[in-house]
1. Buried accessible area between B and A (1.4 Å probe, both chains summed, ligands and nucleic acids excluded), in Å² to the nearest 100?
2. Given a 1.4 angstrom probe, I'd like the percentage of the accessible area of region B:129-172 that is carbon and sulfur, rounded to a whole number.
3. Just read off the accessible area of A:Asp97 with the full protein assembly in place, 1.4 Å probe, to the nearest 10 Å².
4. Could you pull out every one of the lysines with an alpha carbon less than 26 Å from that of A:Lys306, ignoring same-chain neighbours closer than 8 positions?
5. Step through the residues of region B:90-102 one at a time and calculate ³J(HN,Hα) from phi using the Karplus curve (6.51 cos²θ - 1.76 cosθ + 1.60, θ = phi - 60°), rounding each to whole Hz and writing x for Gly and Pro.
6. Net charge within 10 Å of B:Val132 by Cβ-Cβ distance, Lys/Arg positive one each and Asp/Glu negative one each, not counting B:Val132 itself?
7. Given H placed 1.01 Å from N in the peptide plane, which residues other than close sequence neighbours of A:His159 have an amide H under 5 Å from its amide H?
8. Which parts of region B:113-132 would a label at A:Lys68 reach, counting a residue when its backbone N lies under 16 Å from a point 7 Å out along Cα-to-Cβ?
Amino acid sequence: MSLSDFLQRATSRWMKDGGPEDDIILTSRIRIARNLQGLPFPILQTDTHADEVIRAVQEAVAAEAVAKVGKFEFIRCASLSPLDRQVFVEKHLISPDLAEAEKHGAIALRDDEAISIMVNEEDHLRIQCIMPGLRLEDAWHLASAVDDALEQSLLYAFHEKFGYLTACPTNVGTGIRASVMMHLPGLVLSGNIQRMLTAVSHVGLAVRGMYGEGTESNGSLFQVSNQVTLGETEEEIIGNLSSVVHQLIDHERAARKALLQENREALEDRVCRSFGILAYARRMDSRETLQRLSDVRLGIDLGILKGVSSGILKELMVMTQPAFLQKYFHEELAPGERDIRRAMLVRERLRLDDTEVR
Amino acid sequence: MLCQKCHERQANVHVNKIVGGKMSATHLCEQCAKENGDFLTQFAAGNPFDFNHLLSGLLNMESSPGVSPPGVVAPAQCSTCGMTYGQFTKIGRFGCPDCYDHFAVRLDPLLRRIQSSTTHTGKVPAKSGERVKQRKTLEQFRREMQEAIASEQFERAAELRDKIRELETQLSE
Ligand SMILES: [Zn+2]
Ligand SMILES: [Zn+2]
(Lines give C-alpha, C1' and ligand atoms only; values in the text may rest on other atoms or scores of the structure.)
(Ligands and ions follow the chains in the order given, each with its own letter.)
Protein backbone atom coordinates (compact mmCIF):
# COMPACT_ATOMS: atom_id res chain seq x y z
CA MET A 1 0.00 0.00 0.00
CA SER A 2 1.34 3.47 -0.80
CA LEU A 3 1.85 5.98 1.97
CA SER A 4 -0.91 8.27 0.73
CA ASP A 5 -3.39 5.36 0.68
CA PHE A 6 -2.30 4.37 4.16
CA LEU A 7 -2.78 7.96 5.33
CA GLN A 8 -6.28 8.05 3.89
CA ARG A 9 -7.26 4.90 5.69
CA ALA A 10 -5.40 5.02 8.98
CA THR A 11 -5.89 8.61 10.06
CA SER A 12 -8.78 10.08 12.04
CA ARG A 13 -10.63 13.13 10.79
CA TRP A 14 -9.01 15.33 13.44
CA MET A 15 -5.56 14.47 12.06
CA LYS A 16 -6.43 15.49 8.50
CA ASP A 17 -8.80 18.45 8.63
CA GLY A 18 -8.20 22.01 9.68
CA GLY A 19 -10.48 24.29 11.68
CA PRO A 20 -10.72 27.73 13.31
CA GLU A 21 -7.36 29.04 14.64
CA ASP A 22 -5.66 25.87 13.47
CA ASP A 23 -2.29 27.59 13.11
CA ILE A 24 -2.15 27.32 16.91
CA ILE A 25 -4.95 25.00 18.04
CA LEU A 26 -4.49 21.43 16.83
CA THR A 27 -7.57 19.91 18.42
CA SER A 28 -10.51 20.56 20.73
CA ARG A 29 -11.67 17.69 22.86
CA ILE A 30 -14.71 17.16 25.09
CA ARG A 31 -14.97 14.14 27.31
CA ILE A 32 -17.96 13.46 29.56
CA ALA A 33 -18.09 10.82 32.28
CA ARG A 34 -21.30 8.88 32.94
CA ASN A 35 -22.17 5.91 35.15
CA LEU A 36 -25.09 3.52 35.33
CA GLN A 37 -27.42 3.48 38.30
CA GLY A 38 -27.24 0.48 40.64
CA LEU A 39 -23.88 -0.92 39.49
CA PRO A 40 -20.49 -0.57 41.19
CA PHE A 41 -17.89 1.62 39.45
CA PRO A 42 -15.34 -0.31 37.32
CA ILE A 43 -12.81 -0.26 40.17
CA LEU A 44 -14.99 -2.76 42.11
CA GLN A 45 -16.45 -4.56 39.10
CA THR A 46 -16.79 -8.33 38.92
CA ASP A 47 -16.85 -10.01 35.48
CA THR A 48 -20.64 -10.17 35.71
CA HIS A 49 -20.97 -6.45 36.47
CA ALA A 50 -18.63 -5.60 33.61
CA ASP A 51 -20.63 -7.74 31.18
CA GLU A 52 -23.83 -6.10 32.32
CA VAL A 53 -22.42 -2.64 31.57
CA ILE A 54 -21.01 -3.74 28.21
CA ARG A 55 -24.29 -5.36 27.16
CA ALA A 56 -26.34 -2.32 28.21
CA VAL A 57 -24.07 0.11 26.34
CA GLN A 58 -23.85 -2.12 23.27
CA GLU A 59 -27.66 -2.22 23.07
CA ALA A 60 -27.92 1.52 23.62
CA VAL A 61 -25.38 2.19 20.85
CA ALA A 62 -27.30 -0.09 18.47
CA ALA A 63 -30.59 1.73 19.14
CA GLU A 64 -32.12 4.06 16.58
CA ALA A 65 -31.52 7.23 18.62
CA VAL A 66 -27.76 6.73 18.47
CA ALA A 67 -27.82 5.71 14.80
CA LYS A 68 -29.14 9.22 14.08
CA VAL A 69 -25.88 10.66 15.44
CA GLY A 70 -23.71 8.40 13.32
CA LYS A 71 -22.53 4.95 12.40
CA PHE A 72 -20.83 3.29 15.36
CA GLU A 73 -18.78 0.15 15.59
CA PHE A 74 -18.75 -1.63 18.96
CA ILE A 75 -15.46 -3.32 19.82
CA ARG A 76 -14.46 -5.28 22.90
CA CYS A 77 -10.88 -4.61 24.00
CA ALA A 78 -10.35 -8.36 24.24
CA SER A 79 -10.92 -8.68 20.48
CA LEU A 80 -8.11 -6.23 19.68
CA SER A 81 -4.41 -7.05 19.61
CA PRO A 82 -2.22 -5.09 22.05
CA LEU A 83 -0.72 -3.30 19.03
CA ASP A 84 -4.14 -2.19 17.75
CA ARG A 85 -5.11 -0.97 21.21
CA GLN A 86 -1.88 1.04 21.36
CA VAL A 87 -2.63 2.56 17.93
CA PHE A 88 -6.01 3.72 19.34
CA VAL A 89 -4.15 5.33 22.24
CA GLU A 90 -1.72 7.08 19.90
CA LYS A 91 -4.65 8.43 17.88
CA HIS A 92 -6.09 9.78 21.17
CA LEU A 93 -9.27 7.72 20.70
CA ILE A 94 -8.91 5.81 23.96
CA SER A 95 -6.90 6.26 27.15
CA PRO A 96 -3.93 4.05 28.10
CA ASP A 97 -6.01 2.78 31.03
CA LEU A 98 -8.70 1.48 28.70
CA ALA A 99 -6.05 -0.12 26.48
CA GLU A 100 -4.97 -2.09 29.54
CA ALA A 101 -8.52 -3.07 30.52
CA GLU A 102 -8.33 -6.13 28.29
CA LYS A 103 -11.03 -8.12 30.07
CA HIS A 104 -13.64 -5.51 30.93
CA GLY A 105 -13.10 -2.69 28.45
CA ALA A 106 -14.91 -1.88 25.21
CA ILE A 107 -15.08 0.97 22.69
CA ALA A 108 -17.82 2.32 20.47
CA LEU A 109 -16.24 4.26 17.63
CA ARG A 110 -17.98 6.45 15.05
CA ASP A 111 -16.78 5.75 11.50
CA ASP A 112 -14.96 9.11 11.19
CA GLU A 113 -13.38 8.56 14.63
CA ALA A 114 -14.65 11.95 15.83
CA ILE A 115 -16.62 10.26 18.62
CA SER A 116 -15.43 7.43 20.82
CA ILE A 117 -17.31 5.95 23.75
CA MET A 118 -15.03 4.21 26.23
CA VAL A 119 -16.74 1.53 28.29
CA ASN A 120 -15.49 0.45 31.74
CA GLU A 121 -12.55 2.76 31.95
CA GLU A 122 -12.50 4.60 35.30
CA ASP A 123 -16.23 5.26 34.79
CA HIS A 124 -18.82 3.08 33.05
CA LEU A 125 -18.91 5.47 30.10
CA ARG A 126 -16.59 8.15 28.84
CA ILE A 127 -18.03 9.89 25.79
CA GLN A 128 -15.30 11.67 23.88
CA CYS A 129 -15.59 14.02 20.96
CA ILE A 130 -12.47 15.33 19.25
CA MET A 131 -12.43 18.00 16.52
CA PRO A 132 -9.69 19.81 14.60
CA GLY A 133 -9.04 23.47 15.45
CA LEU A 134 -10.81 25.51 18.13
CA ARG A 135 -14.31 24.06 18.16
CA LEU A 136 -15.11 23.41 21.81
CA GLU A 137 -18.80 24.37 21.54
CA ASP A 138 -19.33 22.13 18.49
CA ALA A 139 -17.58 19.26 20.26
CA TRP A 140 -19.73 19.79 23.36
CA HIS A 141 -22.97 19.84 21.35
CA LEU A 142 -22.02 16.64 19.58
CA ALA A 143 -20.95 14.86 22.78
CA SER A 144 -24.12 16.05 24.48
CA ALA A 145 -26.26 14.74 21.59
CA VAL A 146 -24.64 11.31 21.91
CA ASP A 147 -25.23 11.50 25.67
CA ASP A 148 -28.94 12.28 25.14
CA ALA A 149 -29.32 9.46 22.62
CA LEU A 150 -27.65 6.95 24.95
CA GLU A 151 -29.76 8.07 27.90
CA GLN A 152 -32.91 6.95 26.08
CA SER A 153 -31.78 3.37 26.75
CA LEU A 154 -29.66 3.81 29.89
CA LEU A 155 -30.44 4.96 33.43
CA TYR A 156 -27.63 7.20 34.61
CA ALA A 157 -26.47 7.63 38.20
CA PHE A 158 -27.56 11.22 38.80
CA HIS A 159 -27.72 12.96 42.17
CA GLU A 160 -29.95 15.92 42.91
CA LYS A 161 -27.14 17.84 44.60
CA PHE A 162 -23.93 16.39 43.17
CA GLY A 163 -25.09 15.91 39.55
CA TYR A 164 -23.63 13.08 37.47
CA LEU A 165 -21.86 10.71 39.86
CA THR A 166 -18.35 9.60 38.92
CA ALA A 167 -15.77 7.25 40.41
CA CYS A 168 -13.45 10.16 41.17
CA PRO A 169 -14.82 13.30 42.91
CA THR A 170 -12.65 15.46 40.62
CA ASN A 171 -15.11 14.62 37.80
CA VAL A 172 -18.44 14.77 39.66
CA GLY A 173 -21.21 17.20 38.64
CA THR A 174 -20.99 17.82 34.92
CA GLY A 175 -18.44 15.04 34.40
CA ILE A 176 -16.94 17.22 31.70
CA ARG A 177 -13.29 17.61 30.77
CA ALA A 178 -12.79 20.14 27.96
CA SER A 179 -9.31 20.47 26.53
CA VAL A 180 -7.41 22.00 23.65
CA MET A 181 -4.05 20.95 22.25
CA MET A 182 -1.99 24.05 21.47
CA HIS A 183 1.19 24.54 19.46
CA LEU A 184 3.08 27.36 21.19
CA PRO A 185 6.59 27.56 19.64
CA GLY A 186 6.60 31.38 19.73
CA LEU A 187 6.13 31.48 23.49
CA VAL A 188 8.67 28.69 23.98
CA LEU A 189 11.34 30.32 21.78
CA SER A 190 10.85 33.77 23.31
CA GLY A 191 11.19 32.30 26.81
CA ASN A 192 7.73 33.44 27.95
CA ILE A 193 6.07 30.06 28.18
CA GLN A 194 6.69 29.40 31.87
CA ARG A 195 5.16 32.71 32.88
CA MET A 196 2.10 32.08 30.69
CA LEU A 197 1.54 28.58 31.96
CA THR A 198 1.83 29.66 35.58
CA ALA A 199 -0.76 32.36 34.93
CA VAL A 200 -3.08 29.82 33.32
CA SER A 201 -2.79 27.41 36.24
CA HIS A 202 -3.73 30.24 38.59
CA VAL A 203 -7.11 30.69 36.93
CA GLY A 204 -8.18 27.13 37.69
CA LEU A 205 -7.07 25.44 34.48
CA ALA A 206 -4.65 22.55 34.13
CA VAL A 207 -1.74 22.74 31.68
CA ARG A 208 0.67 20.06 30.73
CA GLY A 209 3.13 19.24 28.00
CA MET A 210 1.59 16.79 25.53
CA TYR A 211 4.83 14.88 25.13
CA GLY A 212 7.69 14.96 27.59
CA GLU A 213 7.57 16.18 31.16
CA GLY A 214 6.17 19.38 32.64
CA THR A 215 6.80 22.53 30.69
CA GLU A 216 9.79 20.93 28.91
CA SER A 217 7.32 19.82 26.28
CA ASN A 218 8.66 18.18 23.15
CA GLY A 219 7.46 19.93 20.05
CA SER A 220 6.05 22.92 21.99
CA LEU A 221 2.72 21.10 22.31
CA PHE A 222 0.59 21.82 25.37
CA GLN A 223 -2.79 20.71 26.59
CA VAL A 224 -4.98 23.16 28.49
CA SER A 225 -8.09 21.85 30.26
CA ASN A 226 -10.64 22.68 32.95
CA GLN A 227 -10.22 21.33 36.48
CA VAL A 228 -13.54 22.26 38.04
CA THR A 229 -16.51 20.04 37.08
CA LEU A 230 -19.01 20.89 39.85
CA GLY A 231 -20.76 24.19 40.51
CA GLU A 232 -20.46 25.60 36.99
CA THR A 233 -22.53 24.78 33.91
CA GLU A 234 -20.93 23.08 30.92
CA GLU A 235 -21.29 26.34 28.97
CA GLU A 236 -19.55 28.31 31.73
CA ILE A 237 -16.72 25.78 31.91
CA ILE A 238 -16.21 25.86 28.13
CA GLY A 239 -16.55 29.66 28.07
CA ASN A 240 -13.85 30.10 30.72
CA LEU A 241 -11.49 27.77 28.91
CA SER A 242 -12.17 29.46 25.56
CA SER A 243 -11.45 32.94 26.85
CA VAL A 244 -8.11 31.87 28.33
CA VAL A 245 -7.25 29.98 25.13
CA HIS A 246 -8.02 33.10 23.07
CA GLN A 247 -5.63 35.10 25.24
CA LEU A 248 -2.94 32.47 24.79
CA ILE A 249 -3.51 32.62 21.02
CA ASP A 250 -3.01 36.40 21.05
CA HIS A 251 0.22 36.08 23.05
CA GLU A 252 1.51 33.34 20.75
CA ARG A 253 0.76 35.43 17.62
CA ALA A 254 2.51 38.44 19.16
CA ALA A 255 5.53 36.31 20.11
CA ARG A 256 5.79 34.93 16.54
CA LYS A 257 5.58 38.41 15.09
CA ALA A 258 8.30 39.69 17.41
CA LEU A 259 10.56 36.73 16.59
CA LEU A 260 10.15 37.38 12.89
CA GLN A 261 10.95 41.08 13.28
CA GLU A 262 13.85 40.79 15.70
CA ASN A 263 15.39 37.41 14.95
CA ARG A 264 14.43 36.60 11.38
CA GLU A 265 17.76 35.08 10.38
CA ALA A 266 18.04 32.85 13.43
CA LEU A 267 14.44 31.74 12.98
CA GLU A 268 14.87 30.96 9.26
CA ASP A 269 18.04 29.04 10.03
CA ARG A 270 16.29 26.98 12.68
CA VAL A 271 13.29 26.19 10.46
CA CYS A 272 15.31 25.29 7.37
CA ARG A 273 17.85 23.28 9.36
CA SER A 274 15.01 21.23 10.86
CA PHE A 275 13.43 20.74 7.45
CA GLY A 276 16.77 19.55 6.08
CA ILE A 277 17.18 17.05 8.91
CA LEU A 278 13.65 15.70 8.49
CA ALA A 279 14.16 15.41 4.74
CA TYR A 280 17.52 13.65 4.86
CA ALA A 281 18.29 12.10 8.28
CA ARG A 282 18.55 8.33 8.53
CA ARG A 283 17.85 7.91 12.27
CA MET A 284 15.34 9.95 14.26
CA ASP A 285 14.17 9.38 17.83
CA SER A 286 10.65 10.50 18.67
CA ARG A 287 11.81 13.46 20.74
CA GLU A 288 13.88 15.01 17.96
CA THR A 289 11.20 14.21 15.37
CA LEU A 290 8.60 16.18 17.31
CA GLN A 291 10.91 19.13 17.82
CA ARG A 292 11.85 19.29 14.12
CA LEU A 293 8.22 18.92 13.06
CA SER A 294 7.29 21.76 15.38
CA ASP A 295 9.98 23.99 13.77
CA VAL A 296 8.77 23.08 10.29
CA ARG A 297 5.16 23.80 11.17
CA LEU A 298 6.19 27.20 12.55
CA GLY A 299 8.09 27.82 9.30
CA ILE A 300 4.95 26.99 7.29
CA ASP A 301 2.79 29.28 9.45
CA LEU A 302 5.25 32.16 9.06
CA GLY A 303 5.64 31.72 5.29
CA ILE A 304 9.28 30.60 5.49
CA LEU A 305 8.50 27.19 3.98
CA LYS A 306 6.10 26.85 1.08
CA GLY A 307 4.43 23.78 -0.35
CA VAL A 308 4.62 21.63 2.76
CA SER A 309 1.14 20.74 3.96
CA SER A 310 0.37 22.36 7.29
CA GLY A 311 -1.23 19.16 8.57
CA ILE A 312 2.19 17.56 8.69
CA LEU A 313 2.75 18.16 12.42
CA LYS A 314 -0.56 16.61 13.49
CA GLU A 315 -0.24 13.74 11.05
CA LEU A 316 3.34 12.80 11.80
CA MET A 317 3.24 13.38 15.55
CA VAL A 318 0.81 10.44 15.66
CA MET A 319 2.23 8.35 12.82
CA THR A 320 5.78 8.37 14.18
CA GLN A 321 4.67 6.92 17.54
CA PRO A 322 5.87 3.35 18.19
CA ALA A 323 2.64 1.39 17.59
CA PHE A 324 1.68 3.38 14.49
CA LEU A 325 5.14 2.82 12.99
CA GLN A 326 4.89 -0.92 13.54
CA LYS A 327 1.40 -0.92 12.05
CA TYR A 328 2.66 0.86 8.96
CA PHE A 329 5.68 -1.38 8.46
CA HIS A 330 3.74 -4.54 9.42
CA GLU A 331 6.39 -5.80 11.83
CA GLU A 332 7.54 -5.61 15.40
CA LEU A 333 10.38 -3.11 15.73
CA ALA A 334 12.97 -2.78 18.49
CA PRO A 335 13.55 0.84 19.64
CA GLY A 336 16.78 1.24 17.62
CA GLU A 337 15.10 -0.13 14.51
CA ARG A 338 12.16 2.24 15.08
CA ASP A 339 14.45 5.26 14.81
CA ILE A 340 15.55 4.10 11.35
CA ARG A 341 12.00 3.40 10.17
CA ARG A 342 10.72 6.65 11.70
CA ALA A 343 13.26 8.62 9.64
CA MET A 344 12.24 6.61 6.58
CA LEU A 345 8.53 7.34 7.07
CA VAL A 346 9.16 11.06 7.59
CA ARG A 347 11.28 11.30 4.42
CA GLU A 348 8.61 9.47 2.46
CA ARG A 349 5.86 11.76 3.79
CA LEU A 350 7.82 14.91 2.92
CA ARG A 351 8.25 13.68 -0.65
CA LEU A 352 4.46 13.70 -1.05
CA ASP A 353 4.58 17.50 -0.89
CA ASP A 354 6.13 19.82 -3.42
CA THR A 355 8.32 21.83 -1.12
CA GLU A 356 9.97 25.10 -1.82
CA VAL A 357 12.31 26.82 0.61
CA ARG A 358 12.00 30.54 0.39
CA MET B 1 16.05 -3.26 37.18
CA LEU B 2 15.66 -3.50 33.42
CA CYS B 3 13.02 -1.62 31.42
CA GLN B 4 9.86 -3.70 31.06
CA LYS B 5 9.31 -2.59 27.50
CA CYS B 6 12.63 -2.82 25.67
CA HIS B 7 14.36 -5.09 28.22
CA GLU B 8 17.57 -3.38 27.21
CA ARG B 9 18.10 -0.21 29.23
CA GLN B 10 18.01 0.52 32.94
CA ALA B 11 14.50 1.42 34.19
CA ASN B 12 14.48 4.80 35.87
CA VAL B 13 10.88 5.94 35.34
CA HIS B 14 8.46 4.25 37.72
CA VAL B 15 4.79 4.62 37.02
CA ASN B 16 2.06 3.62 39.46
CA LYS B 17 -1.44 3.16 38.17
CA ILE B 18 -4.71 1.73 39.37
CA VAL B 19 -6.09 -0.70 36.83
CA GLY B 20 -9.25 -2.69 37.52
CA GLY B 21 -9.03 -1.92 41.24
CA LYS B 22 -5.45 -3.10 41.60
CA MET B 23 -2.36 -0.99 41.91
CA SER B 24 0.13 -1.84 39.21
CA ALA B 25 3.66 -0.55 38.82
CA THR B 26 5.42 -0.16 35.47
CA HIS B 27 9.15 0.34 35.24
CA LEU B 28 10.50 1.89 32.07
CA CYS B 29 13.68 3.45 30.79
CA GLU B 30 13.51 7.16 30.02
CA GLN B 31 13.39 6.58 26.28
CA CYS B 32 10.53 4.07 26.35
CA ALA B 33 8.63 6.25 28.82
CA LYS B 34 8.89 9.09 26.33
CA GLU B 35 7.91 6.88 23.43
CA ASN B 36 4.90 5.79 25.42
CA GLY B 37 3.76 9.31 24.84
CA ASP B 38 1.73 11.90 26.60
CA PHE B 39 -0.57 9.89 28.79
CA LEU B 40 1.97 7.82 30.61
CA THR B 41 4.51 10.46 31.48
CA GLN B 42 1.94 12.57 33.24
CA PHE B 43 1.84 9.92 35.95
CA ALA B 44 5.61 9.86 36.32
CA ALA B 45 6.92 10.99 39.66
CA GLY B 46 7.75 14.64 40.11
CA ASN B 47 5.40 16.01 37.47
CA PRO B 48 3.94 19.20 38.94
CA PHE B 49 0.76 18.77 36.89
CA ASP B 50 -0.11 15.36 38.30
CA PHE B 51 -3.74 15.61 39.17
CA ASN B 52 -4.10 12.35 41.08
CA HIS B 53 -1.11 13.22 43.17
CA LEU B 54 -2.74 16.51 44.07
CA LEU B 55 -6.00 14.81 44.93
CA SER B 56 -4.46 12.24 47.22
CA GLY B 57 -2.66 15.08 48.99
CA LEU B 58 -5.98 16.79 49.60
CA LEU B 59 -7.62 13.59 50.75
CA ASN B 60 -4.88 12.94 53.25
CA MET B 61 -5.40 16.41 54.63
CA GLU B 62 -9.08 15.61 54.83
CA SER B 63 -8.54 12.40 56.80
CA SER B 64 -6.29 14.06 59.35
CA PRO B 65 -7.90 14.29 62.81
CA GLY B 66 -9.93 17.34 63.71
CA VAL B 67 -11.00 18.15 60.15
CA SER B 68 -14.41 16.45 60.27
CA PRO B 69 -17.21 18.81 61.29
CA PRO B 70 -17.77 18.56 65.05
CA GLY B 71 -20.72 16.57 66.34
CA VAL B 72 -21.19 14.65 63.09
CA VAL B 73 -20.32 10.99 63.00
CA ALA B 74 -19.75 9.91 59.42
CA PRO B 75 -20.26 6.26 58.53
CA ALA B 76 -17.02 4.40 58.00
CA GLN B 77 -18.30 2.23 55.17
CA CYS B 78 -20.68 2.33 52.19
CA SER B 79 -23.38 -0.26 52.89
CA THR B 80 -23.98 -0.85 49.17
CA CYS B 81 -20.47 -1.64 47.92
CA GLY B 82 -18.50 -2.03 51.15
CA MET B 83 -15.89 0.60 50.39
CA THR B 84 -14.50 2.27 53.52
CA TYR B 85 -13.61 5.94 53.74
CA GLY B 86 -10.05 4.89 54.50
CA GLN B 87 -9.85 2.97 51.21
CA PHE B 88 -11.29 5.97 49.40
CA THR B 89 -8.62 8.31 50.76
CA LYS B 90 -5.93 5.87 49.59
CA ILE B 91 -7.12 5.30 46.02
CA GLY B 92 -9.08 8.53 45.50
CA ARG B 93 -11.98 6.66 43.87
CA PHE B 94 -15.44 5.75 45.14
CA GLY B 95 -16.79 2.22 44.78
CA CYS B 96 -20.35 2.91 43.63
CA PRO B 97 -22.83 5.77 43.12
CA ASP B 98 -24.26 5.26 46.65
CA CYS B 99 -20.88 6.12 48.21
CA TYR B 100 -21.74 9.78 47.58
CA ASP B 101 -24.73 9.57 49.94
CA HIS B 102 -22.96 7.44 52.53
CA PHE B 103 -19.97 9.77 52.71
CA ALA B 104 -21.92 12.99 52.04
CA VAL B 105 -21.01 14.55 55.40
CA ARG B 106 -17.31 14.23 54.75
CA LEU B 107 -17.63 15.13 51.11
CA ASP B 108 -18.64 18.78 51.42
CA PRO B 109 -15.31 20.08 52.81
CA LEU B 110 -13.41 18.05 50.21
CA LEU B 111 -15.57 19.28 47.32
CA ARG B 112 -15.24 22.87 48.48
CA ARG B 113 -11.49 22.49 48.17
CA ILE B 114 -11.32 20.76 44.75
CA GLN B 115 -14.46 22.16 43.09
CA SER B 116 -15.97 25.63 42.75
CA SER B 117 -19.04 24.72 44.82
CA THR B 118 -20.81 21.65 46.20
CA THR B 119 -23.96 21.85 44.09
CA HIS B 120 -24.42 20.83 40.46
CA THR B 121 -25.82 23.54 38.18
CA GLY B 122 -25.22 21.99 34.75
CA LYS B 123 -26.99 19.55 32.46
CA VAL B 124 -29.76 17.36 33.87
CA PRO B 125 -30.53 14.00 32.22
CA ALA B 126 -34.05 13.64 30.81
CA LYS B 127 -35.09 10.48 32.67
CA SER B 128 -33.26 10.41 35.98
CA GLY B 129 -33.39 14.18 36.07
CA GLU B 130 -37.19 14.51 35.72
CA ARG B 131 -37.81 14.67 39.48
CA VAL B 132 -34.92 17.06 39.93
CA LYS B 133 -36.46 19.33 37.31
CA GLN B 134 -39.85 19.17 39.04
CA ARG B 135 -38.28 20.08 42.36
CA LYS B 136 -36.54 23.07 40.77
CA THR B 137 -39.82 24.22 39.18
CA LEU B 138 -41.53 23.85 42.54
CA GLU B 139 -38.97 26.14 44.19
CA GLN B 140 -39.41 28.61 41.35
CA PHE B 141 -43.22 28.61 41.77
CA ARG B 142 -42.87 29.14 45.52
CA ARG B 143 -40.65 32.15 44.98
CA GLU B 144 -43.04 33.57 42.38
CA MET B 145 -45.99 33.07 44.72
CA GLN B 146 -44.24 35.03 47.49
CA GLU B 147 -43.55 37.82 45.02
CA ALA B 148 -47.17 37.80 43.82
CA ILE B 149 -48.42 38.05 47.40
CA ALA B 150 -45.96 40.86 48.18
CA SER B 151 -47.17 42.84 45.17
CA GLU B 152 -50.84 42.03 46.01
CA GLN B 153 -51.46 40.05 42.79
CA PHE B 154 -53.71 37.58 44.60
CA GLU B 155 -55.26 35.99 41.55
CA ARG B 156 -51.80 35.10 40.26
CA ALA B 157 -50.81 33.84 43.73
CA ALA B 158 -53.85 31.52 43.83
CA GLU B 159 -52.97 30.16 40.38
CA LEU B 160 -49.45 29.42 41.54
CA ARG B 161 -50.72 27.80 44.76
CA ASP B 162 -52.73 25.30 42.69
CA LYS B 163 -49.73 24.52 40.52
CA ILE B 164 -47.57 24.02 43.61
CA ARG B 165 -50.10 21.59 45.12
CA GLU B 166 -50.24 19.62 41.89
CA LEU B 167 -46.45 19.32 41.73
CA GLU B 168 -46.24 18.38 45.41
CA THR B 169 -48.65 15.46 44.89
CA GLN B 170 -46.68 14.30 41.84
CA LEU B 171 -43.42 14.41 43.78
CA SER B 172 -44.83 12.54 46.79
CA GLU B 173 -45.96 9.61 44.62
ZN1 LIG C 1 13.07 0.76 27.50
ZN1 LIG D 1 -20.46 2.49 47.55
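1. Counting protein atoms only, the buried area is about 5400 Å².
2. 48 percent
3. Its heavy atoms expose roughly 40 Å² to the probe.
4. A:Lys16, A:Lys257, A:Lys314
5. 6, 9, x, 10, 7, x, 7, x, 5, 3, 4, 6, 5
6. +3
7. Under 5 Å from the amide H of A:His159: A:Tyr164, A:Leu165.
8. The answer is B:126-127, whose backbone nitrogens lie closer than 16 Å to the label point.
The values are calculated or read from the model by the stated rules, or taken from the named source; none is laboratory data. Model, not experiment: these values are computed from the prediction. Every residue, glycine as well, gets a Cβ built from its backbone with ideal geometry; the counts of neighbours run over all protein chains shown. Surface areas here come from the heavy atoms of the whole protein model, side chains and all, with no ligands, DNA or RNA. Shrake-Rupley method; radii C 1.70, N 1.55, O 1.52, S 1.80 Å.
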